[in-house]
Each structure stands twice: as structure tokens, then as C-alpha cells.
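Working notes, structure below.
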């Protein structure tokens with residue numbers, strides 16, 4: 001009788017369990033990209049909100065095998081929620097889960113992925129909480145949901161685990177841990193089903209490339225967007241802005257665009273989106289005059305509509321139930337709302353030559369954005385709107401510029417998966433230099449761009465160190481909206497500041513080609529060291545037994561590395577922070593050279609450097625080919641020929657590619673672009689360089705070329 005009862009109990013449990021557990025039918029939609037759908041996913045998700053076409057480059061990738069054991073992936077749908085479980089190996093490290101500011105290694109962490117302002121804690125609330133993670137074993141997982149997702153990234157242990165941790169006695173075992181080994185990534189999605197994707201490698205960087213290409217590829221900014229930008233005081237007049245631009249020119253500091261802060265509008269917080277006629281009596285003339293001196297205009301705004309705005313009554317029926325700073329919130333998932341808003345933007349701004357926007361406050365905090373009890377006329381929940389609002393403002397403002405055949409490069413406070421092709425850079429109000437670098441590293445894992453802007457500083461050393469960092473980031477920017485600071489604010493370092501700003505301009509051909517690779521191949525332009533081949537003997541160890549004296553490299557690379565990063569294909573950047581006179585740099589395997597003098601510095605080892613104040617430490621890998629131009633004050637215009645100095649690092653033959661198009665329009669989408677090969681060959685024991693011939697009928701902005709073989713010696 002007892003046996004019958006046990007069998008019956010097991011049968012009931014099996015039926016109950018099987019009704020919840022769902023098998024995933026993975027379908028390979030592109031080479032190395034699989035899509036799985038379980039249950040009834042929400043119709044509105046991140047990719048639907050971004051509404052971008054996957055890059056055609058996905059079809060050209062090599063085939064790959066499914067990188068996980070499908071039987072180890074468990075999905076349960078019950079009580080209106082979806083429970084996900086993905087396997088973890090012991091030697092596996094995780095990266096991603098959004099734009100984090102303090103952590104790079106994500107294994108063992110618990111978070112809720114929730115669009116918000118970064119609140120000085122990596123708890124999942126951040127400007128871009130991308131539900132995508134990358135494994136050090138060379139695969140990635142993306143959960144396509146516009147809901148708040150709870151993540152347990154190898155932090156919990158199931159009693160039915162096939163790979164349970166060792167049971168330890170704290171009384172007698174000194175190695176006892178409060179965080180025992182976990183063999184799974186678990187997620188909870190408040191929906192009755194889910195759409196998800198798995199990406200193959202084989203390398204972790206290939207995973208991210210596939211993810212970015214699924215979102216349309218990385219953005220391709222205009223050339224001027226990669227120059228220098230100054231955001232002026234919030235109440236400056238047109239005359240003060242012109243004087244600021246003239247001061248840059250007179251002092252020989254580069255400047256490509258100026259950002260106007262809230263005072264350009266007649267009212268802000270909430271916004272009218274209309275020019276203040278006392279400060280800017282003739283906006284069209286002002287924008288034209290600025291453009292004539294080579295400086296474009298970018299406008300700050302947020303999308304919350306003032307009762308005094310011209311469009312208020314028209315857009316009101318298409319707004320949410322709650323206000324932000326007494327401004328109504330357009331439901332930008334509705335065509336009616338976005339047509340009214342962005343028609344206004346196009347008429348008042350884009351048509352007179354404004355180059356882009358800084359779109360603020362689309363991230364959080366809870367204390368001022370709409371609450372989760374808010375409703376929207378589209379029927380999308382407040383939660384879904386919170387997770388996608390940054391995507392929506394990027395997409396539909398970007399479309400204005402596309403319609404006018406002018407590229408933009410702008411700023412935004414919130415984003416998410418699917419936004420990699422939008423030419424927007426994230427920023428925030430946190431001002432920790434160290435956090436800035438960690439975020440720059442994590443932006444590469446999250447499919448977004450991040451700028452560690454310069455604002456005010458307490459000392460000239462801090463000012464210069466911050467300035468050096470932004471010149472090796474996606475956007476070189478001073479944000480002087482409150483401080484009115486200028487590059488020469490600290491006279492004692494003004495020349496060093498000018499030197500690094502000019503270096504930013506000289507490197508524009510390198511930066512432009514780097515972003516072209518982001519667009520066409522999905523490779524993040526700025527990324528963490530774990531994505532660099534040859535970095536570390538074993539990056540995935542949970543614990544290391546290495547003796548620091550015997551093997552410092554193994555010890556160093558087993559820890560989080562969040563103070564150095566890769567910039568483009570060849571450059572390793574190791575920023576200095578205020579008060580530092582020396583620092584350690586971990587070099588990947590392969591020969592590395594000093595960027596400034598070409599001297600050999602090491603090969604797969606930890607080095608200690610004392611660079612002084614004047615320069616940010618930068619190192620170039622063997623075979624590095626860095627195209628550089630003269631230090632112009634403004635980016636080259638369409639059709640303008642520019643002479644190049646091509647620096648070559650190392651003693652071996654090498655090949656690189658140089659990208660070219662008109663730098664301003666979308667003609668590149670109609671095949672009006674070119675890639676030129678930069679070829680270094682050895683002839684009779686001497687390295688020689690040459691460039692491939694230009695294609696007939698394709699853009700060619702390259703003037704004279706000088707090759708500079710900068711490496712002098714190898715120890």
C-alpha cells in the first residue's frame with residue numbers, strides 16, 4: 001500500500017512538474033545565432049521597441065554548433081511568470097548584464113535589471129540594464145523582455161543540482177564560504193512566456209559582435225562627432241556661445257560641436273522645445289553662423305511637455321496618466337505622439353541645422369519619473385515604457401536626421417538591448433573617475449556607448465587626468481553646464497590639455513575606422529581586457545593558488561581588471577587617477593610597444609610604469625598600424641583631402657584597413673564607402689608600407705601619405 005502511495009505521489013509530482021517545464025525549440029536564425037520561444041511572450045519587447053533590421057553581415061558569418069547543453073536549459077512557466085535556468089561550469093566567468101559601474105566579473109551577483117539612474121550600487125538599476133550576458137567559455141544569452149528581470153548569476157544552489165557544492169563544516173574548515181559554488185544562471189521574468197537568444201563564439205568578442213549585429217550593427221557617427229565638444233553654461237546667450245567658440249579657435253583648441261543646456265528653451269523642466277527669444281532672438285541665423293566657423297550645435301532637452309508648449313494640447317491625448325515635473329509624458333510607442341513631438345523638433349531644430357540632442361532624464365529616479373502604477377494610452381505598462389523609453393527617443397529622433405540625410409552623434413541617459421545602431425552615447429551625474437573607466441569597459445559588453453565626461457575638478461592634476469580619459473573614449477566632452485569650465489581653466493596644465501585634445505584630432509582616421517568596424521562587424525570600439533586574445537593564462541579561476549612572487553601574471557589576471565581597456569583593434573589604454581605616480585599594467589601575450597615612442601615594453605607580463613603627468617599611458621600591440629592626420633581644429637568636411645601619417649609598431653609584416661566615406665551623410669548605405677588596405681611588408685630585411693589603390697567612383701579623402709616606422713628597438 002505504501003509503495004502504491006509513493007508511486008501515485010511521484011506520478012502527480014511528475015504531471016505537475018511537466019506542466020510547468022517547457023522544452024525549448026532552438027531555431028538557428030543566423031549563423032551562430034539561435035532563437036527560442038517558450039509560452040506566450042509579451043508582444044512588446046526590447047527588439048520590437050528598437051525596431052531595427054539585423055545587419056546583413058550576420059548572414060556572412062561562419063556556421064557554429066549550439067554552444068550549450070540544451071537539456072541543461074530549464075524553462076518553467078507558472079503563476080504568470082517565467083523561470084529560466086542556464087548551466088554554469090566551474091571554470092566559467094560571466095560578463096555583461098548591463099552598464100555596470102563598479103564590477104566587471106558578474107558571476108555570483110544578484111540584481112534586478114531595471115532602467116534607472118546609477119545609484120552608486122551595481123544592483124541592476126542602471127542606464128542600460130541590458131539582459132545579455134557573455135561567458136568566458138565563448139557563448140552568450142539574451143532575454144528579449146521589456147520587463148524588470150531578476151537575475152541570480154551563479155549565486156543560488158538548488159537541492160536537485162547535478163553539480164552541488166561540497167558541504168563544509170565551518171567549525172573545522174578554514175576554507176568555508178558563505179557563497180558556495182552554484183552551477184546555474186537563474187532569471188525570473190514577470191511574463192507568461194519568453195523570447196530568448198543564444199549566441200556562439202568561438203571567442204567572447206565574437207559573441208558580442210553577433211549580438212550587436214542582431215541590433216543592426218554598431219552606430220557610425222559623423223566624423224565631426226569624434227572631434228571635441230564643449231557643453232556651455234545653461235543660461236548662455238547666442239553672443240556668449242559665439243565668444244566661447246572664438247576662444248577655442250584663438251587659443252588653438254579643437255572644437256566640433258557645442259552643446260546648449262536648458263536655457264536655450266523658453267521654459268524647461270518641463271520643456272517647451274521652443275527657443276528662448278531673449279537669449280536666442282534668431283536661432284536659424286545663429287546656427288548658420290556657428291556652422292560657418294566649423295562648430296555645430298547640439299540641444300539639451302527631456303521629452304516632458306510643458307503646459308506652455310505649443311504642442312501641449314495636441315499631444316495631451318497621447319500621454320501617460322502621470323506627469324514628470326508637471327510635464328506630460330508622450331507615449332512614444334504610439335505614432336500619433338511621436339509625430340507631434342518630432343515634427344516639432346524637426347521644424348524648430350533640425351531644419352535650421354541643429355546637429356543633435358542631449359536627451360536627459362529618460363532613465364530615473366523613481367522619485368520623479370512616472371511610477372509603476374501609471375498607465376499609457378497604448379496599453380503598454382509603465383514598466384515596459386520605463387525599460388524602453390530611452391530606445392524610443394533614440395530611434396525616432398535619429399529617424400529625423402536620416403530623413404534629412406544628415407548623420408548625428410548625440411547623448412542620452414537611458415538605453416537597452418537593440419540600441420547599438422543608434423548614434424547615442426550614455427552619460428550620467430556620477431563623477432567617480434574610477435567608476436567612469438569601469439563603465440567604459442562594461443559598455444562593450446552591454447551593446448552601448450558611454451562617455452566619461454569632464455566637468456569640474458578640484459586640482460589641475462585631476463582636470464588633466466579626466467581630460468586624458470575622455471580623449472580615449474567614444475565622445476571627447478567637457479560638460480560645463482553649471483561650472484562654465486573651459487579646457488584652459490587650469491593654466492598650469494593648459495598646454496598638456498591642448499596636446500591631448502590635438503592627439504584626439506590627429507587620431508581621427510583611427511577612431512573613424514574603429515567605429516566603421518563597430519558598424520559593419522559589431523566589434524565594440526572600447527572594450528574590456530577579457531575580450532583581448534592572449535590576455536591571461538586562465539581568466540576563469542574562481543580561486544588562485546598562484547604564488548605572487550613566482551607567477552605575478554597569473555595572480556593579476558585571475559582578478560577583476562577594471563582600470564585598463566582596449567581602444568580599437570590595437571591600443572591598450574591604462575588611465576592614471578589623481579594621486580597616482582605609478583601603476584601596474586597587465587599586458588596580453590604578444591609584444592607590446594609604447595604608443596608615444598615605439599619602445600618595446602613587454603610580452604604577457606605585469607609591468608610597473610611611472611609615466612609622469614603629461615601623458616595617458618597607451619600601448620600598441622605588435623603589428624599595430626595607426627593612421628593619423630594633422631591636428632585640425634575641426635573634423636574634415638565631406639570631400640576634403642587630408643594628409644596621413646601612418647605609424648607602424650613592431651618588426652613584423654602586418655595588414656590593417658582604413659575606412660572612408662563622406663563623413664556626413666547616409667550615402668555609405670548606398671555603397672558609397674571604401675576600405676583601403678594598409679600593408680606593411682618586409683623587403684630585403686627592411687619594412688616598407690603601401691596602401692591599396694582607391695576604388696573608382698568611391699570616396700577618397702586621403703591626400704599624401706607618410707609612413708612612420710616608430711619602433712626603434714626590442715629588448
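Taken together, the values in this text are just the output of simple stated rules run on the coordinates, not laboratory data. Treat the numbers as computed from the prediction; the structure is a model and nothing was measured. We place every Cβ from the backbone using ideal geometry, glycine too, and count neighbours over all the protein chains shown.
Summary of computed values
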{"read-out": "Cα extents of region 625-709 along the three principal axes, largest first (Å)", "value": "43, 29, 16"}
{"read-out": "Using distinct alpha-carbon pairs, which all enter the 1/r mean, Kirkwood radius of region 322-450 in Å", "value": "15.7 Å"}
{"read-out": "Approximate shape of region 562-653 as ellipsoid semi-axes (Cα gyration tensor, √5λ), whole Å, largest first", "value": "27, 18, 11"}
{"read-out": "Estimated inter-spin distance, residue 652 and residue 251, nm [label 7 Å along Cα→Cβ]", "value": "4.5 nm"}
{"read-out": "Which of 554, 89 has the fewest Cβ neighbours within 10 Å, and the rest in rising order", "value": "89, 554"}
{"read-out": "Normalised alpha carbon radius of gyration of the chain [divisor 2.2 N^0.38 Å]", "value": "0.98"}
{"read-out": "Kirkwood Rh and Cα Rg combined as Rg/Rh, region 213-287", "value": "1.08"}
{"read-out": "Order of 229, 485, 301 under a 10 Å beta carbon neighbour criterion, fewest first", "value": "485, 301, 229"}
{"read-out": "Rel. contact order, % - alpha carbon contacts under 8 angstrom, at least six apart, region 625-709", "value": "35 percent"}
{"read-out": "Virtual spin-label span in nm between residue 578 and residue 482, 7 Å along Cα→Cβ", "value": "1.5 nm"}
{"read-out": "Rule-of-thumb Rg ratio for region 68-195 [Cα; 2.2 N^0.38 Å; N residues]", "value": "1.10"}
{"read-out": "Relative contact order (percent, whole number), the chain, Cα cutoff 8 Å, 6+ residue spacing", "value": "13 percent"}
{"read-out": "At 1.306 mPa s and 10 °C, Stokes diffusion of region 646-693 via Kirkwood alpha-carbon radius, µm² per second", "value": "128 µm²/s"}
{"read-out": "Compactness of region 289-360, expressed as Rg and Dmax over alpha-carbon positions, Å", "value": "13.8, 45"}
{"read-out": "Order of 172, 665 under a 10 Å beta carbon neighbour criterion, fewest first", "value": "172, 665"}
{"read-out": "Share of pairwise Cα separations in region 167-258, more than 19 Å, in percent", "value": "73 percent"}
{"read-out": "Those residues of region 345-385 whose amide nitrogen sits under 20 Å from the label point placed on residue 284, 7 Å along Cα→Cβ", "value": "345-356"}
{"read-out": "Value at 222 nm in deg cm²/dmol, rounded to 500, when DSSP H runs of n ≥ 4 in the chain each add -39,500 (n - 2.57)", "value": "-7000 deg cm²/dmol"}
{"read-out": "Counting all C-alpha pairs of region 261-399, share separated by more than 26 Å (%)", "value": "22 percent"}
{"read-out": "DSSP bridge pairs, region 209-300: antiparallel proportion in percent, nearest 5", "value": "10 percent"}
{"read-out": "The chain: antiparallel DSSP beta bridges as a percent of all, rounded to 5", "value": "75 percent"}
